[in-house]
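Participant: Mind having a look at this structure? Questions to follow.
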Amino acid sequence: MEGSKNTTGTILEEGESSTASQESPSQRRIFKVIVLGDSNVGKTCLTIRFCGGDFPQKPEATIGVDFRDKDVTVDGESIKLQLWDTAGQERFRKSMVQHYYRNVHAVIFVYDVTKLSSFENLPTWVDECDRHSLSSNVPRVLVANKCDITDRRVVSTNMGQKFAEHNDMPFFETSAKSSEVGESVSNIFLYIAKKLKAQRPHLHLRAGFGGISGSGRTSVRKLRLKSSGLRGFEPEKTPKSKCAGGCFS
Amino acid sequence: MSTNNKAHNFHEEDKDQPPGFHRNNASGFELHKRAKLVAIHKALQSDPVDVASLRKYAISKGGLLTDEIRRKAWPKLLNVNPFESIAKDANIKEHRDYDQVVLDVNRSLKRFPPGMKDDEREVLQDQLVEVIVRVLCENNQLHYYQGYHDICVTFQLVVGKEATVSLVNKLSTHHLRDFMDSTMDRTKHMLNYLLPIINKSKPALHDFLQRSEVGTVFALAWLITWYGHVLNSFRSIVRLYDFFLACHPLMPVYLAAAIVLYREEDIMQCECDMPFVHSLLSKIPQNLPLEKLIVDAGDLFVQYQPSQLAKEARLYYKESTSLTTYQSLEESSRIQRPDSVLRRLTRRGQGHASAAGRPQDSNRVIKVAVWAISMGIGAAALTVLNNALEFWG
């Protein structure tokens, strides 16, 4: 099974189900990551690939929100990443997806390097995030997908890099389809897991869903406007050694 | 029949029993099916077509049984003449939703029969884009949503391109109308019926779902695609389409409630937290006992009617076009004119014995069948009630 109809398999690869965290609820921390971007940029394929699945041969449009999760080990600690894979069509984001912005711990913006409009719409997605009062220390990353399609590429590395710098996000170029190109999909998510782990050493299970959205809208706005000044708030930089495939933090 | 109107027999017809169709023994099933086929043909051949009976057969066990019957009966359920298609619009590429439609149809490979040749499928995909955008061009007030293509492809694979245009055109201004606003607010309102239905039936389950803050988005794709996006079996999907075409626009929500109620045990064992509950609920089991759940959904509808729920839960019944236009659709379909084309087609199938049903199924199902017919005109309901037993097969 591939695609959005059945994603159970992606969770089971480590011998767990989505409810299996009951095994050690007091030990495993859970982080909620939302994946945003235009329709057909590859959000679903990226999350399926990360969760251990093959690249879907028959990918389908996501309707509403799909959920996947994956356990990763960072410096000896097992962490669960919950990925909320959202529909790209605007109507869903306006009416339905809001619910899923709540208490989110990290955001992944995705665009398709073969489709200029998906890049040009990135500010809309960033604004949308800001409107949902995400705390300023919620990590955001920018992912340029479909880098394997070199002959139809219209968004250059430089364009993506500049946007990422302007918005103070680490930048990854990748391909959900080919592991030969750019940064590997799992490294992108591992980067996020590492960052979250370092950033929130005292976070307890579940408490994360209620206690993170401390900073209000105003402070987010301020920090966004002074993006160059925001860097000082980052607890750690993207490790350069991990950036062989095009990470420009 | 023109080439365009030719429906494709891509899918295995019901040589076996429909999904979830539990038979006691082979001969019992065959007897039931044969009797029902005869009864359906009789309803189709009466002049005017006996839509009340068709509704009942579409709801009752096994639905309309074959795609051949569906090609004739679905237009009757919607009071549509499949031979009167809407005009072709030369500028479909200029429609505001054209690009999104193409993206979604290109990614709908899974909806076509496995083993179909690529070039054959690509022709159908091009047709599907045309069907969708033609309906959108015809109704400028309608906005495409992701999932609409899942509805359209189901019709396309059963009734063919041109009849799909006619059927979906009607459906889009009735059952699907609320989904096609510029926003999804009214779709959300329809989903707001889900938890109150569960509350009526199993308050403890309702409280659990509320506590988990799971919301209703897990059922969004179920509702707006009529389960076409989430079920793998094409036969199951068309069986449900029989049911929904014969019923009130909120019936997919009642079926969602029936599914959630059916899974009560699994849900209550789940960690009471949104991601876990959402994850469990959104993955719809592929082996659901559909016929039982259809009966359950009908039961829920009879017990907790939308208007009653709307009052109690402060839901937005009157603001829904899908809901408020249903009664007129239902009434108009009851008084259809004789259809000479249909008669000519169905006359070929004549010669069967007269319809015979077996009055041995549960009262609950009969209640549902009766409900389907009584939504429009109260007086007719009693007549049907007296005859329901003899029709049920």
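The values are calculated or read from the model by the stated rules, or taken from the named source; none is laboratory data. For clarity, every value in this text was computed on a predicted model and none was experimentally measured. Neighbour counts run over all protein chains shown; Cβ positions are idealised from the backbone, glycine included. The protein model used for the area step is the full one, side chains on, heavy atoms only, and it has no ligands, DNA or RNA in it. Shrake-Rupley method; radii C 1.70, N 1.55, O 1.52, S 1.80 Å.
Participant: Under 6 Å by Cβ, and 6 or more places apart or on different chains, what pairs join a residue from region B:266-277 that is at the interface with another protein chain (Cβ under 7 Å from one of its Cβ atoms) with one that is open to solvent by 20 Å² or more (accessible area, probe 1.4 Å) and among the hydrophobic types (A, V, I, L, M, F, W, C)?
Facilitator: What qualifies is B:Cys270/B:Leu280.
Participant: In addition: Consider B:Ser201 against the criteria (1) among the small types (Gly, Ala, Ser); (2) within 14 Å of chain A (Cβ to nearest Cβ); (3) more than 25 Å from A:Arg91 (Cα to Cα): it satisfies all of them except one. Which criterion is unmet?
Facilitator: (2)
Participant: Within region B:230-243, is even one residue more than 16 Å from B:Val158 (Cα to Cα) and touching a Phe, Trp or Tyr at 6+ places or on another chain (Cβ under 8 Å)?
Facilitator: Yes; the residues of region B:230-243 include at least one that is more than 16 Å from B:Val158 (Cα to Cα) and touching a Phe, Trp or Tyr at 6+ places or on another chain (Cβ under 8 Å).
Participant: Check A:Ile108 against each of (1) more than 9 Å from chain B (Cβ to nearest Cβ); (2) modelled with pLDDT of 95 or more; (3) closer than 30 Å to B:Phe112 by Cα and name the one condition it does not meet.
Facilitator: With respect to (1) more than 9 Å from chain B (Cβ to nearest Cβ); (2) modelled with pLDDT of 95 or more; (3) closer than 30 Å to B:Phe112 by Cα, A:Ile108 is out only on (3).
Participant: Out of A:Ala198, A:Ala176, A:Ala193, which single residue is modelled with pLDDT of 85 or more, of a type in the set (A, V, I, L, M, F, W, C) and over 29 Å from B:Glu271 (Cα atoms)? Steps first, answer last, please.
Facilitator: Details: A:Ala198 fails: over 29 Å from B:Glu271 (Cα atoms); A:Ala193 fails: over 29 Å from B:Glu271 (Cα atoms).
The unique qualifying residue is A:Ala176.
Participant: Right, something else. Here are some residues: B:Ala73, B:Ala87, B:Ala52, B:Ala58. Which one is open to solvent by 10 Å² or more (accessible area, probe 1.4 Å) and not in a loop (DSSP other than H, G, I, E, B)?
Facilitator: On the way: B:Ala73 fails: open to solvent by 10 Å² or more (accessible area, probe 1.4 Å); B:Ala87 fails: not in a loop (DSSP other than H, G, I, E, B); B:Ala58 fails: open to solvent by 10 Å² or more (accessible area, probe 1.4 Å).
Being open to solvent by 10 Å² or more (accessible area, probe 1.4 Å) and not in a loop (DSSP other than H, G, I, E, B) holds for just one of B:Ala73, B:Ala87, B:Ala52, B:Ala58, which is B:Ala52.
Participant: Give B:Glu162, B:Glu130 a once-over and let me know the one that is away from chain A (no Cβ under 14 Å) and modelled with pLDDT under 95.
Facilitator: Working: B:Glu130 fails: modelled with pLDDT under 95.
Sole residue among the options that is away from chain A (no Cβ under 14 Å) and modelled with pLDDT under 95: B:Glu162.
Participant: Tell me the helices (runs of 4 or more DSSP H) entirely within region B:176-262 that contain at least 2 residues that are β-branched (Val, Ile, Thr).
Facilitator: Details: elements: B:185-191, B:194-201, B:203-212, B:220-224, B:234-245, B:251-262.
It comes to B:194-201, B:234-245, B:251-262.
Participant: Considering only region B:216-229, state which residues are small (Gly, Ala, Ser) and either more than 8 Å from chain A (Cβ to nearest Cβ) or surrounded by fewer than 24 Cβ atoms within 10 Å (Cβ to Cβ) (or both).
Facilitator: Start the filter on region B:216-229 by keeping residues that are small (Gly, Ala, Ser), which leaves B:219, B:221, B:228.
Within region B:216-229, B:Ala219, B:Gly228 meet the criteria.
Participant: Could you check region A:112-163 and list, in sequence order, the residues that are closer than 19 Å to A:Thr47 by Cα and among the acidic types (Asp, Glu)?
Facilitator: A:Asp112, A:Asp148, listed by residue number.
Participant: For the list (1) more than 21 Å from A:Leu83 (Cβ to Cβ); (2) open to solvent by 10 Å² or more (accessible area, probe 1.4 Å), I need the number of the one condition that A:Asn187 fails.
Facilitator: Condition not satisfied by A:Asn187: (1).
Participant: Do you know which residues across region A:135-146 are modelled with pLDDT of 95 or more and either farther than 18 Å from A:Asn187 by Cα or among the hydrophobic types (A, V, I, L, M, F, W, C) (or both)?
Facilitator: Within region A:135-146, A:Val141, A:Leu142, A:Val143, A:Ala144 meet the criteria.
Participant: Being within 14 Å of chain A (Cβ to nearest Cβ) and hydroxyl-bearing (Ser, Thr, Tyr) is the filter; apply it to region B:71-120 and report the residue that is nearest to B:Gly228 (Cα to Cα).
Facilitator: If we filter region B:71-120 for residues that are within 14 Å of chain A (Cβ to nearest Cβ), which is where we start, we get B:96-116, B:118.
If we keep only those that are hydroxyl-bearing (Ser, Thr, Tyr) as well, we get B:98, B:108.
On the way: B:Tyr98: 21, B:Ser108: 11 Å.
Ranking the qualifying residues of region B:71-120, first place goes to B:Ser108.
Participant: Only one residue in B:Leu64, B:Leu124 is out of contact with any Cys (no Cβ under 7 Å at 6 or more places or on another chain), assigned to a helix (DSSP H, G or I) and on the phi < 0 side of the Ramachandran plot. Which one? Spell out how you get there, then give the answer.
Facilitator: Values: B:Leu64 fails: assigned to a helix (DSSP H, G or I).
Of the residues listed, the single one that is out of contact with any Cys (no Cβ under 7 Å at 6 or more places or on another chain), assigned to a helix (DSSP H, G or I) and on the phi < 0 side of the Ramachandran plot is B:Leu124.
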